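Have a look at the structure below before the remarks.
We did not get these values from a lab; they are worked out from the coordinates using the rules stated. These numbers were taken from a predicted model, which means no experiment stands behind them. Ideal geometry is used to build each Cβ from the backbone, glycine not excepted, and the neighbour counts take in all protein chains shown.
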Amino acid sequence: MADLSTHETEAPPPSAYSQLQALEWLVGTWEDKAGDQTVETKINWVGDKNFLARTFKVKGSDQTETDGCEIIG
């Protein structure tokens, strides 16, 4: 009778990059002006391309500013 054996190997962790790759065109710095408002947006890869980090700043004509961030993963 033949000796049969099996071996388990650990699968590599899944990468979110394959799912986020369609959004790669967003990476960079963007600016939009509409009326008296300006929106500045920066998008970068983080975490070995498993996440996109988006920061934004909205400036009004009265010099008020609002900012925030978003993590996409």
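Can you check what the net charge comes to around LEU23, using other residues whose Cβ is under 15 Å from the Cβ of LEU23 (Lys, Arg +1; Asp, Glu -1)?
+1
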Within the chain, report the GluC sites (Glu not before Pro) that DSSP leaves as loop and that have at most 14 other Cβ atoms within 10 Å. GLU8, GLU10
Could you estimate the translational diffusion coefficient of the chain from the Stokes-Einstein equation, with Rh from the Kirkwood formula over C-alpha pairs, at 37 °C and 0.692 mPa s, in whole µm²/s? 213 µm²/s
For LEU4 and VAL27 in one chain, what is 0.36 nm times their gap in residues minus the Cα-Cα distance, to one decimal in nm? 3.2 nm
Along the dipole axis of the chain (charges at Cβ: +1 for Lys and Arg, -1 for Asp and Glu; origin at the Cα centre), the most positive-end residue among ALA53, GLY73, ALA34 is ALA34
The size of the Cβ-based charge dipole (Lys, Arg +1; Asp, Glu -1) of the chain about the Cα centre, to the nearest 20 debye, is 200 debye
